[in-house]
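The values are calculated or read from the model by the stated rules, or taken from the named source; none is laboratory data. Source: prediction; values computed, not measured. For accessibility, only protein heavy atoms count, side chains too; no ligands or nucleic acids. Shrake-Rupley method; radii C 1.70, N 1.55, O 1.52, S 1.80 Å.
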Amino acid sequence: MTPLTEVEGRRLALSNLDKVLHPVTGTTKGELLHYYATVGAAILPHLRDRPVSFLRYPDGPDGQLFFTKNPPPGTPSWVRTAPVPRSEDPRARQVVVEDLASLMWAANLVVEFHTPQWRASSPAVADRLVFDLDPGPPATVVECCRVALHLRERLAADGLDAFAKTSGSKGLHLLVPVVPTPSPLVSAYARRLAVEAEAALPRLVVHRMARALRPGKVFVDHSQNAAAKTTATPYTLRARPLPMASAPVTWEEVEEGAGAAADPESLVLLMDDIAPRLERYGDLLAPLFAPERAGDVP
């Protein structure tokens, strides 16, 4: 029998709570749902008014994974959706997770949350810029930290603040609050900085996606600034063997992670790490929502 629970006045059927999703740690679906209930106040501001794409992994990371932008079958009528026209479907809509009940409904589907750099109320007008720093083996997150520090300094020269989070996989994400700007202009600026970074650090950085160019280097992926692209939402869990979270880190941690003796594992943040970090730091990405921290894109 599927247990029913009430969240903010909404009745939810939460299924398969004992199902093991991460065999390495024995993490169950019930524990995953508890995680989202616990970090709801931190993740919801990053989801609100942004159309969500889901990477679903109902049988864990070793099972079938499928990416969907359309509202899943059976989406309750009380879950908000917003129009997101696409060339192949001008009437397309996507889910917008506005509240804890919607968050828990979506988490019960076992999903990664992915969001664009713009809000549903202002499609294709970005209020943040993103770099996805992806290491090509044998490079690790240590090299990503070194590139992150370079990009932070370069962005600061243009009056822009950068904030870091783990990708929830091998690398780092940099998020930069910007004055609302058309996505193509943000994309062009981000690409320019990625090209500059490769010129400044040719042994460490590559700005093109070609796999042959990437061994031992950090791919500075600027493409997620395109209006049609998305990035893992802060605090989302990822479909990985371990229950890894894409979660913010301090610049002190990034500096330590860039050291010659740094341990790449020091920047692996698991599900159980996040609540204590929120108690200690609050949301390190809260400045993304402060209008005075948003800079103009050159």
Study note, to complete from the structure: Rounded to whole Å², per residue accessible area for the range 208-274 with a 1.4 Å probe reads 43 Å²
Point to revise | Among Pro73, Pro45, Pro184, residue whose mean-square fluctuation peaks in a GNM of the chain (springs only between Cα atoms under 10 Å) | key: Pro73
Check your understanding: Carbon and sulfur: what percent of the range 96-207's accessible surface (1.4 Å probe)?
Key -> 58 percent
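Quick one: length gained pulling Thr28 to Asn16 fully straight, 0.36 nm per residue minus the C-alpha distance?
3.4 nm
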Exercise for review: May I ask you to give the percent of accessible area on the range 32-95 that is carbon plus sulfur, with a probe radius of 1.4 Å?
Suggested key: 52 percent
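Strictly over 28 Å apart at the Cα level, which of Lys170/Lys229; Lys29/Lys69; Lys29/Lys170; Lys19/Lys217 would you flag in this model?
Values: Lys170/Lys229 20 Å; Lys29/Lys69 22 Å; Lys29/Lys170 23 Å; Lys19/Lys217 38 Å.
From Lys170/Lys229; Lys29/Lys69; Lys29/Lys170; Lys19/Lys217, over 28 Å: Lys19/Lys217.
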Practice item. Could you calculate the contour length gain from Ala200 to Asp158, that is, 0.36 nm times the residue separation minus the distance between their Cα atoms, to one decimal place in nm? Key: 13.5 nm
Check your understanding: In deg cm²/dmol, rounded to 500, what helix-only [θ] at 222 nm does the chain give when every DSSP H run of at least 4 residues adds -39500 (n - 2.57) and the total is split over its residues?
Key -> -8500 deg cm²/dmol
Review point. What residue among Glu88, Glu112, Glu279 has the largest mean-square fluctuation in a Gaussian network model of the chain, using Cα springs under 10 Å?
Key: Glu88
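Could you report the range 1-48's accessible area per residue, 1.4 Å probe, as an integer in Å²? Walk me through the intermediate numbers first.
Numbers: 2650 Å² over 48 residues.
Heavy-atom accessible area per residue stands at 55 Å².
What relative contact order, as a whole-number percentage, does the range 191-231 give when Cα pairs under 8 Å and 6 or more residues apart are counted? Intermediate values should be presented prior to the final figure.
Values: 41 pairs, mean separation 13.4, N = 41.
Reported as a whole number, the value is 33 percent.
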